Amino acid sequence: MGVVLSVLYFITYYLTPATVFGPLAAFRIELILAAIILFVSLPALMRSFIGKTPQTLALIGLAFAVLLSVVIGEHWPGGGVQAFLSFIPNAFAYFLVCLHCNSKKKLRVLVLMLVGICLFVIAHGANGTLNAPEGVSPNGEMTNPYVLAMGGGESVLYRLRGLGEINDPNDFAQLIVCTIPLVFIFWTPKHAAKNFLCVLLPVCALLFGAFLTHSRGAMLAILAMAVVAGRRRIGTIPSLLLAAGLFAGASALNFTGGRDISANAGSDRTALWGTGLELLKSHPLFGVGFGNFADYAGLTAHNSVVVCAAELGMFGLYFWALFLFPTMRDALAIASPEKVTEVQPVIIETARFPQMQANIEAIDKADVNRLGHLMVVSLTGFLVAAWFLSRAFILTLFLLGGMAEVVFEMALRRGMISPRLPLTRVLRNAGGLAITLVLLMYILLRTVNLMH
């Protein structure tokens, strides 16, 4: 029941309540669904591992940072409560994954859901993107909600997008990018036909969808994932050469819709990054308020680190880093063959409760390493795309974090990996990461300015 309700919750988030529930959406079905899930999750909460993860503390801290950013930054307690309530549904994803999607089979259900969401949007918007005049009304307005028209005159660029939280082409492209490596969870060695139908065909469809978004960030994220995915098999240098070849091929196919990828082409974004650092300088502790960056700069920051630091201050950026650091550390650990050991399958003593034996899922070292590697590649794609998007607090990040922690916990319970880092060490490293991210942005901006 928990898995089904969690999947329905995620589908509702990505496809909007109106798409999923139709006229019933007017009754705020999503809130009723959230309440039911919360009630169903209480028994699982008592035996879950989420209380042992630093990410739980990070999300609690982030929630308070969101609240305080508005209460202190705007002197508006009511607005702080609204910001808090808008953040919680996104953070809820981490807990739902850890509570209910805590096995390899359930992770596959989660990946299947993500693939289905992406293919649903692609199916509804591909024709309108490729044959845009068919989706344009006589007065020049787009009639297909899955297509965004940019520009004017003869230079109109039609881009595929989703609805709701993924109604921007770049946001939808980021979701596609994160999903592509996860599809390989269905890969089965020595089953060519099955792999072609269940893995290669969906990946090709997702790449086609990413192409229709014409997202420059998605293109760079895919190249980064190619390097990370290929480094272990073919080496770093060959992976970089492969990425260079993919870049040349994508450019020839007009992946970005004719928009350049250069410092000059991104000068508007770097200007916003500079504005974000100025806002952090003037509001260093709690920021200018959750969701308020555009009120100060006219546009959003187009960088998740900048938007988090500017809106929530160093207080909020610290807790964001506290979520990110252990997530990446644990994903890298389970992806490393050196850190994962092979153990004998768990055997139940005697047969007092023989039905329990069926509940033990067979997971070996190769499975853990493969799942860990897929999570590293997926998180890499998310973070590279997030460098060009103001999406520090979206559900996708917390969903991926939950998936990585589930795989780590599966290995930990089988004695295949060392325990999580001590909390004091994680707290210290998260602070270092937060400071490093701000310094990195500052150095990058200084370098770009010198180039101009």
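Applying the condition of being among the aliphatic types (A, V, I, L, M) and over 15 Å from Ala331 (Cβ atoms) to the range 387-401 and asking which residue is modelled with the lowest pLDDT yields Leu389. Just to be sure before I move on: is Val81 in the same structural domain as Val288 (by TED's automatic domain parsing), of a type in the set (Val, Ile, Thr) and touching a residue at least 40 places away in the same chain (Cβ under 8 Å) in the structure I sent? For Val81, the condition - in the same structural domain as Val288 (by TED's automatic domain parsing), of a type in the set (Val, Ile, Thr) and touching a residue at least 40 places away in the same chain (Cβ under 8 Å) - is not met.
Right, Ala385: of a type outside the set (Val, Ile, Thr) and loosely packed, with under 13 Cβ neighbours inside 10 Å or not?
No; evaluated as a whole, the condition is false for this residue.
Taking residues in the range 378-398 that are outside the structural domain of Gly316 (by TED's automatic domain parsing), and partners anywhere that are part of a helix (DSSP H, G or I) and among the charged types (D, E, K, R), not one pair has Cβ atoms closer than 8 Å while being at least 6 places apart or on different chains.
So that you can scan it fast, the table gives a plain yes or no per residue for (1) assigned to a helix (DSSP H, G or I); (2) touching a residue at least 12 places away in the same chain (Cβ under 8 Å); (3) closer than 24 Å to Met113 by Cβ:
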position	(1), (2), (3)
Tyr14	yes, yes, yes
Thr19	yes, yes, yes
Gly22	yes, no, yes
Leu31	yes, no, yes
Ala35	yes, no, yes
Leu42	yes, no, yes
Val71	yes, no, no
Phe87	yes, yes, yes
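Condition check for Val40 on (1) at pLDDT 95 or above; (2) assigned by TED's automatic domain parsing to the domain that holds Gly2: one failure, at (1).
Taking the range 214-241 as the range and being of a type in the set (S, T, N, Q) and within 17 Å of the chain's Cα centre (by Cα) as the test, only Ser215 passes. The criterion of at least 2 residues that are in contact with a Phe, Trp or Tyr (Cβ under 6 Å, 6 or more places away or on another chain) and farther than 29 Å from Thr213 by Cβ is met by the following helices (runs of 4 or more DSSP H) wholly inside the range 364-452: 423-451. Screening the candidates Gly116, Gly51, Gly78 for the property of being surrounded by fewer than 19 Cβ atoms within 10 Å (Cβ to Cβ), at pLDDT 95 or above, small (Gly, Ala, Ser) and assigned to a helix (DSSP H, G or I) yields one hit, Gly116.
Close Cβ contacts (under 6 Å, 6 or more residues apart or on different chains) running from residues in the range 293-310 that are closer than 10 Å to Trp273 by Cβ and assigned by TED's automatic domain parsing to the domain that holds Pro169 to residues that are charged (D, E, K, R) and surrounded by fewer than 21 Cβ atoms within 10 Å (Cβ to Cβ) comprise His302/Arg269.
Taking the conditions exactly as written (at pLDDT 95 or above and of a type outside the set (A, V, I, L, M)), does Phe64 satisfy them or not? Here the answer is yes, as Phe64 does meet what is asked. Of all residues in the range 405-452, exactly one satisfies the criterion of being of a type in the set (Phe, Trp, Tyr) and over 20 Å from Glu342 (Cβ atoms), namely Tyr442. Pairing residues of the range 431-444 that are not assigned by TED's automatic domain parsing to the domain that holds Asn303 with residues that are loosely packed, with under 14 Cβ neighbours inside 10 Å, at Cβ distances under 8 Å and at least 6 apart in sequence or on separate chains, gives no pairs at all.
Name the residue that is modelled with the lowest pLDDT, counting only residues in the range 1-33 that are small (Gly, Ala, Ser) and crowded, with 17+ Cβ neighbours inside 10 Å. Checking each candidate, the answer is Gly2.
I'd like the full set of residues that are small (Gly, Ala, Ser) and either surrounded by fewer than 24 Cβ atoms within 10 Å (Cβ to Cβ) or assigned to a helix (DSSP H, G or I) (or both), limited to the range 293-313.
If the condition is that a residue be small (Gly, Ala, Ser) and either surrounded by fewer than 24 Cβ atoms within 10 Å (Cβ to Cβ) or assigned to a helix (DSSP H, G or I) (or both), then Ala294, Ala297, Gly298, Ser304, Ala309, Ala310, Gly313 are the ones that fit.
The values are calculated or read from the model by the stated rules, or taken from the named source; none is laboratory data. Predicted, not measured: the structure shown is a model, and the values here were computed from it. FYI the Cβ positions are ideal-geometry reconstructions off the backbone, even for glycines, and counts take in every protein chain you see.
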